[in-house]
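Novice: Below you will find the structure I want to go over with you.
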Amino acid sequence: MKLQQLRYIWEVAHHDLNVSATAQSLYTSQPGISKQIRLLEDELGVEVFARSGKHLTRITPAGEKIIETAGEILRKVDSIKQVAQEFSNEKKGTLSIATTHTQARYALPNVIQEFIGKYPDVSLNMHQGTPSQIAEMAADGTVDFAIATEALEMFSDLIMMPCYKWNRCILVPRNHPLAQLPQLTLQDIGKYAIVTYVFGFTGRSRLDDAFIKEGIAPKVVFTAADADVIKTYVRLGLGIGIVARMAYDPELDKDLVPLDANHLFVPSVTHIGFRRGTFLRGFMYEFIEKFAPHLTRELVDEAVARHNKADIEELFENVELPML
């Protein structure tokens, strides 16, 4: 059994069983991958993939277990490489992050700019996706860090640490009736068509919970994952916008008015997390602390030492999070 063979079955499984696409991503030949998979199956005495002619059709039950274990082995190998790199060149390496558009567009730019300025030889890769996609990428080792607000139950296999709190604002054109009110209520908002985030993105569940609690059925007429898209449709008159407060830019959005909604919605908390067992290099600790200054190396190590999610949450109970 070779590490190369384990890499091949792992990659094929994560390329929708497309051997050709896998070969292209690994800069090797399709016949070479197929041959190595067959050799591995012959050695193990079971099929990892079911076939129809020359085409792979599905992963067998045995293959599911084998590929899962292969992933664990490959992550351990990557950790060994990380350890070696840390001691050979502590300022060179790669860092991959998965997050949503809102975090990538509004919360991370200054952090990344400062990080790259200090670590120019670290290749920084950012992946955007839904919370479920982010959780999967972090869990299977595609990325080092996951940054998310929604659906934290999907991140149960990760060490998730709170970074900051944030809330929403209501975006309206300057001449809108809501802009004339001294303080908004949910009843006021419920009178108008709403443009906001897709469910499952950027704290959308907290927004829905607030309306449900008041017995109001909001008229959501358009949803998007991107706050900039939401603002575009507010400008077109499709409805009032509900976005993360951080998404309002005083310079670029001068034609819109951000109305305070802190009293209407419970704040959301953004977390950063990584797989248990990940070897954190020095620059990885520093990235975490740049993103969330209270997450010092000592506090991160203490979170790693905690045995379960409840213990980690207890660690941060008395930590005062900043409001972004």
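Novice: For the structure I just gave you, tell me whether Arg297 is open to solvent by 50 Å² or more (accessible area, probe 1.4 Å) and charged (D, E, K, R).
Specialist: yes
Novice: Would you confirm, using the coordinates I've provided, whether Lys290 is in contact with a strand residue (DSSP E or B) (Cβ under 8 Å, 6 or more places away or on another chain) and touching a residue at least 60 places away in the same chain (Cβ under 8 Å)?
Specialist: Taking the combined requirement at face value, the residue does not satisfy it.
Novice: Would you pick out the residues in segment 213-244 that are crowded, with 19+ Cβ neighbours inside 10 Å, among the charged types (D, E, K, R) and in contact with a Leu (Cβ under 9 Å, 6 or more places away or on another chain)?
Specialist: Lys231
Novice: Are any of the residues in segment 112-119 open to solvent by 10 Å² or more (accessible area, probe 1.4 Å) and in contact with a Ser or Thr (Cβ under 8 Å, 6 or more places away or on another chain)?
Specialist: There is no residue in segment 112-119 that is open to solvent by 10 Å² or more (accessible area, probe 1.4 Å) and in contact with a Ser or Thr (Cβ under 8 Å, 6 or more places away or on another chain).
Novice: With Ser156, Ser132, Ser88 as the choices, which residue is open to solvent by 60 Å² or more (accessible area, probe 1.4 Å), under 23 Å from Glu313 (Cβ atoms), of a type in the set (Gly, Ala, Ser) and at pLDDT below 85?
Specialist: Exactly one of Ser156, Ser132, Ser88 is open to solvent by 60 Å² or more (accessible area, probe 1.4 Å), under 23 Å from Glu313 (Cβ atoms), of a type in the set (Gly, Ala, Ser) and at pLDDT below 85, namely Ser156.
Novice: Is there a residue being touching a residue at least 12 places away in the same chain (Cβ under 8 Å) and touching an Asp or Glu at 6+ places or on another chain (Cβ under 6 Å) anywhere in segment 210-219?
Specialist: There is no residue in segment 210-219 that is touching a residue at least 12 places away in the same chain (Cβ under 8 Å) and touching an Asp or Glu at 6+ places or on another chain (Cβ under 6 Å).
Novice: Could you grab me the full set of residues in segment 1-42 that are among the β-branched types (Val, Ile, Thr), more than 20 Å from Lys76 (Cα to Cα) and open to solvent by less than 30 Å² (accessible area, probe 1.4 Å)?
Specialist: Val19, Thr22, Ile33, Ile37
The values are calculated or read from the model by the stated rules, or taken from the named source; none is laboratory data. If you're wondering where the values come from, they're calculated on a predicted model, not measured in any experiment. Cβ coordinates were reconstructed from backbone atoms using ideal geometry, including for glycine residues, and neighbour counts include every protein chain displayed. The accessibility values were calculated without ligands, DNA or RNA, using every heavy atom of the protein model including side chains. Shrake-Rupley method; radii C 1.70, N 1.55, O 1.52, S 1.80 Å.
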